[in-house]
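Student: There's a structure below that I have some questions on.
The values are calculated or read from the model by the stated rules, or taken from the named source; none is laboratory data. In this text, all values refer to a predicted model and were calculated from it rather than measured experimentally. Methodologically, a virtual Cβ is constructed for each residue, glycine included, from the backbone with ideal geometry; neighbour enumeration extends over all protein chains shown. The accessibility values were calculated without ligands, DNA or RNA, using every heavy atom of the protein model including side chains. Shrake-Rupley method; radii C 1.70, N 1.55, O 1.52, S 1.80 Å.
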Amino acid sequence: MNQNQGPGNAAFQDRSRTLARKEEKDKFQLQISGNLFIKQFLHLLTRLKPAENITEQYMEKVLHAVFFFGRLNRRQMTPNDFLEPSFSQRLQQKYPQSFQQYSTHLPSLTPYSILLQFGNEVAGCRTQNEMESFLHEFNSAVQTAMKKQVPNLEPSEFIFRAAVVAYSFYKEPQKEAGFPLFYGASLSCKGLTEKKIMISILCLRMWHKAVAFAVYHGQDNQAIVFPDEVKCRAFCYSNGAFTEKPPCVNCKMMYHVAFQPFEGDNRENIKWPHGNCAENECLSKLLQGVPGLQERVVSTDTSVIHNPPQNTYQAIEQEFANSIEANLTNQLIMLLQTKNFPHLLQFFEP
């Protein structure tokens with residue numbers, strides 16, 4: 001028997017073929033997801049007709065984020081892998097920055113979080129019904145287009161849709177007036193390394209320092225404690241509807257907050273990293289949006305007993321400046337190196 005045809009070599013070839021098929025499937029899913037997200041976001045802009053500078057800013061951000069994840073993919077992709085040639089050419093003429101910088105600059109948000117931001121800042125969604133209606137319309141349009149274009153692809157295989165959205169709010173005591181809702185989305189990207197890269201970016205670039213602290217200490221059993229007046233609710237999108245869901249074990253460990261509901265998710269071993277969930281983004285926006293609230297946040301860190309205590313918000317901020325920021329930066333650089341991505345940490349700013 002030829003040594004190249006031995007059982008060990010045959011098994012290796014089988015594994016190689018299986019891996020190649022998986023990589024091809026992953027690339028195809030990413031390709032379809034990016035194409036449909038871009039097209040549906042364009043439809044959204046055409047329908048709502050925001051000011052030209054707003055349209056340009058959001059479209060650049062969406063294109064750059066999609067192309068960036070194509071660049072990180074194991075089988076690297078270019079903008080032309082996502083878009084038909086003539087369509088790609090038209091978009092490149094209108095939005096050149098995303099085409100020029102997707103392989104050198106980092107995004108600040110995943111695509112679905114950009115959609116959430118648009119829903120709040122441009123579409124003017126202020127209530128739960130308004131935001132859910134806005135997201136449902138977008139999700140349904142994507143799903144309809146996907147069924148038409150690729151009938152065999154399941155809705156769960158659409159990479160750029162967040163599986164979960166959440167909102168948080170602060171209800172001031174003795175105040176009957178309404179209170180704003182702060183929305184967040186789970187990470188709309190695929191791949192453990194990709195998720196870790198985005199979590200590091202978000203901690204350094206977008207999220208409130210208290211949330212970055214909680215994510216950084218996710219496995220150390222150090223939590224952030226919110227005032228009783230802060231509430232947080234999460235919803236899973238499935239079969240065309242939003243269904244209330246309890247927090248996962250990571251969120252319950254990281255945040256001492258009034259989750260509604262609190263009980264129900266009993267899984268102990270979950271496959272996503274700390275920072276993946278929608279609760280991180282919505283609690284971060286809450287802390288950034290409610291004046292004076294951050295000073296009332298403390299950590300559960302009791303490792304050092306001092307007077308004054310070491311678990312105040314000022315101590316959280318100090319630790320972020322002294323060590324967390326540098327450690328997250330180094331971690332991000334190492335993760336980018338595994339993808340052969342330039343690690344100068346330049347951020348995309350349309």
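Student: Can you name the residue in region 159-192 that is open to solvent by 50 Å² or more (accessible area, probe 1.4 Å) and small (Gly, Ala, Ser) and is also modelled with the lowest pLDDT among such residues?
Tutor: Ala177
Student: Related question: Go through region 196-234 residue by residue and tally those that are surrounded by fewer than 24 Cβ atoms within 10 Å (Cβ to Cβ), closer than 23 Å to Leu336 by Cα and among the small types (Gly, Ala, Ser).
Tutor: Residues in region 196-234 being surrounded by fewer than 24 Cβ atoms within 10 Å (Cβ to Cβ), closer than 23 Å to Leu336 by Cα and among the small types (Gly, Ala, Ser): 1 in total.
Student: Please pick out the residue among Asn276, Asn340, Asn327 that is more than 19 Å from the chain's Cα centre (by Cα), part of a loop (DSSP other than H, G, I, E, B) and not basic (Lys, Arg).
Tutor: None of the other options fit; the residue is Asn340.
Student: Suppose we filter region 144-166 for residues that are outside any loop (DSSP other than H, G, I, E, B) and over 20 Å from the mean Cα position of the chain (by Cα); how many remain?
Tutor: So the answer is 6.
Student: If you don't mind, there's one more thing I want to ask. Please verify whether region 74-81 includes one or more residues that are closer than 18 Å to Pro342 by Cβ and open to solvent by less than 30 Å² (accessible area, probe 1.4 Å).
Tutor: yes
Student: Quick check on region 287-323: of everything there that is over 21 Å from Leu202 (Cα atoms) and among the acidic types (Asp, Glu), which residue is modelled with the highest pLDDT?
Tutor: Looking at the filtered set, the residue picked out is Glu295.
Student: I'd like to verify a number: residues in region 134-153 that are of a type outside the set (A, V, I, L, M) and in contact (Cβ under 8 Å) with a residue 12 or more places away in the chain, how many?
Tutor: Going through region 134-153 one residue at a time, the tally reaches 7.
Student: Go over the candidates Asn120, Asn129, Asn139 one by one and state the one that is touching a strand residue (DSSP E or B) at 6+ places or on another chain (Cβ under 7 Å), open to solvent by 50 Å² or more (accessible area, probe 1.4 Å) and part of a helix (DSSP H, G or I).
Tutor: Asn120
Student: Looking at region 229-243, I want the residues that are in contact (Cβ under 8 Å) with a residue 24 or more places away in the chain and have a partner that is of a type in the set (S, T, N, Q) with Cβ atoms under 6 Å, at least 6 apart or on another chain. Which pairs are those?
Tutor: Pairs found: Lys231/Gln260; Cys232/Ser168; Arg233/Gln260; Cys236/Thr243.
Student: On the given criteria, is Met334 outside any loop (DSSP other than H, G, I, E, B) and open to solvent by 80 Å² or more (accessible area, probe 1.4 Å)?
Tutor: yes
Student: Please work out if Met254 is hydrophobic (A, V, I, L, M, F, W, C) and open to solvent by 50 Å² or more (accessible area, probe 1.4 Å).
Tutor: no
Student: Tell me which residues, restricted to region 14-54, are in contact (Cβ under 8 Å) with a residue 12 or more places away in the chain, of a type in the set (A, V, I, L, M, F, W, C) and either under 18 Å from Gln117 (Cα atoms) or touching a Lys or Arg at 6+ places or on another chain (Cβ under 8 Å) (or both).
Tutor: Within region 14-54, Leu30, Phe37, Ile38, Phe41, Leu42, Leu44, Leu45, Leu48, Ile54 qualify.
Student: Go through region 56-87 and give me each residue that's of a type in the set (S, T, N, Q), in a helix (DSSP H, G or I) and within 28 Å of Leu345 (Cβ to Cβ).
Tutor: If the condition is that a residue be of a type in the set (S, T, N, Q), in a helix (DSSP H, G or I) and within 28 Å of Leu345 (Cβ to Cβ), then Gln57, Asn80 are the ones that fit.
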